Amino acid sequence: MDYQIIGGDNSTTLGFIRTLGEAGIPVRAVIIRRDHPFASKSRYLSECTMVDSIEEGYRVLLRMAKKRKSREKVILLVDGDAYTTYLDDRYDVLSKYYIYNQAAGNIRKYNYKYEQILLAAKHGLNAPRTLTVKKGEIPEGLQYPVITKATSAIFLRNWKSESYVCRSESELKEAYKKIKSEEILIQQFIRKKNEYVMVGYCVNRGKDVSICFASNHTYLVHGHLAYSFTVKDFHGEKIKRFITEVMTEIGYEGMFDVEYMLGEDGRYYFLELNLRSSGLTYAATVAGMPMPILWAEAMVKGKTDPESVKKIKKGFVTVLDIEDFVYRVRWNRMPFLKWLAEYMRADCRLYLGRKDVVPMIWLVSGMAVDSVKRVLGNLPVSHTGRRLSG
């Protein structure tokens, strides 16, 4: 099988590159430029085409496909909500040449979080109370605290920056002054004991699901994702049945993750479904399950292989190197030497590769450039595409 990658210059794309490269598979990628590149600097890239937008990337994919002598479809690994949605909207054309994560044009609808909440409720899963409102609107009878969220991840690059925990009407009004979206979700805010992510893939229009692992946060950040995760074996037939029912209804084929939360009230709550590769996909590779390759093989064979799910060693930790350092060390939550000891024990570092260190060097260099800009009074440009919450 031949593989092609399309995505941003970020950690998910880097995980694809390393997964293929470590398996000895030639790595060809179409990468959308950003101010501080790092995935595009990986040693495993044998061919890299840089573009300025997903629209340009799509045209490049079609040109490549039409030049190919073989009629065999290429496995296309796609990064991110926006890129996945764009390519799924063009399923009728692109599917002639590529096997990629798609739902035959159905993904855009289910990238709206309110649609996901309705779908979860339909299939019997508990979810926080959620409303869709216009920016500035204060619903009658609203019970605080609440959290604001973007309705979808496909329109805003830093969509997580729309999230604010509001404990009163006045705080909600202040949040509206910072929110960019014209429409927003207001959701019941539930204090969490932990947050969980199930990571897997499916074929046969969602009827055949394989879940490679579950993860929870190593530490808690209320109102925001943490930057370190404990990866473990998945056990949960009820959740798997729910995922299979939902994926079948959507008609999705590809990698995915499902997020839910355990509240301090002892109840589990569905949070969201991501119809694209998880940022934690590379952790599965390090744990012995190169998920992009397993999914591709399952698509070709028409079924998943239960034997491909491996037992994960106890205490397997995955860390977002830079964000974890900033959150815990730079903001004085942990002494540097203690953090360094934990960091070096981590099983999977999403930026610092096992045999691929140059992307990390470029990433740190980008941070240094940002620091200089900050000193000079310029606003820094995010080098990882992630918001570092204080």
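The values are calculated or read from the model by the stated rules, or taken from the named source; none is laboratory data. It should be emphasised that the depicted structure is a prediction, and the values quoted were computed from it without experimental measurement. We place every Cβ from the backbone using ideal geometry, glycine too, and count neighbours over all the protein chains shown.
Filtered by the rule that a residue be surrounded by fewer than 23 Cβ atoms within 10 Å (Cβ to Cβ) and either assigned to a loop (DSSP other than H, G, I, E, B) or in contact with a helix residue (DSSP H, G or I) (Cβ under 6 Å, 6 or more places away or on another chain) (or both), region 252-269 gives Glu264, Asp265, Gly266, Arg267.
Can you pull out every residue in region 215-242 that is aliphatic (A, V, I, L, M) and buried (at least 23 other Cβ atoms within 10 Å of the Cβ)? If you could, list the steps in order and put the result at the bottom.
The first filter runs over region 215-242 and keeps only residues aliphatic (A, V, I, L, M), leaving 220-221, 225-226, 231, 239.
Passing the criteria: only Val231.
Applying the set (1) closer than 21 Å to Ala23 by Cβ; (2) assigned to a helix (DSSP H, G or I); (3) among the β-branched types (Val, Ile, Thr) to Val326 leaves exactly one unmet item: (1).
When restricted to residues that are buried (at least 21 other Cβ atoms within 10 Å of the Cβ) and not hydroxyl-bearing (Ser, Thr, Tyr), region 9-33 contains 13.
Considering only region 215-251, state which residues are assigned to a helix (DSSP H, G or I) and not hydrophobic (A, V, I, L, M, F, W, C).
Scanning region 215-251 gives Glu237, Lys238, Lys240, Arg241, Thr244, Glu245, Thr248, Glu249.
When Arg205, Arg191, Arg241 are checked against the criterion of being modelled with pLDDT under 90 and either of a type outside the set (Val, Ile, Thr) or in the same structural domain as Leu87 (by TED's automatic domain parsing) (or both), a single residue qualifies: Arg191.
Could you please let me know if Val317 is within 18 Å of Gly353 (Cβ to Cβ), buried (at least 20 other Cβ atoms within 10 Å of the Cβ) and modelled with pLDDT of 95 or more? No. Here no strands (runs of 3 or more DSSP E) wholly within region 1-79 include at least 3 residues being within 22 Å of the chain's Cα centre (by Cα) and hydroxyl-bearing (Ser, Thr, Tyr).
Search region 158-175 for residues being at pLDDT 85 or above and in contact with a His (Cβ under 8 Å, 6 or more places away or on another chain), and hand back the single one that is surrounded by the most Cβ atoms within 10 Å (Cβ to Cβ). Only one residue fits best here, namely Ser163. Residue count for region 226-238, restricted to those that are among the acidic types (Asp, Glu) and at pLDDT 95 or above: 1. Select, from Arg349, Arg345, Arg328, the only residue that is over 29 Å from Ser163 (Cβ atoms) and at pLDDT 80 or above. On inspection, the qualifying residue turns out to be Arg345. Once region 352-386 is narrowed to residues that are assigned to a helix (DSSP H, G or I) and under 14 Å from Glu323 (Cβ atoms), the residue that is modelled with the lowest pLDDT is Asp370.
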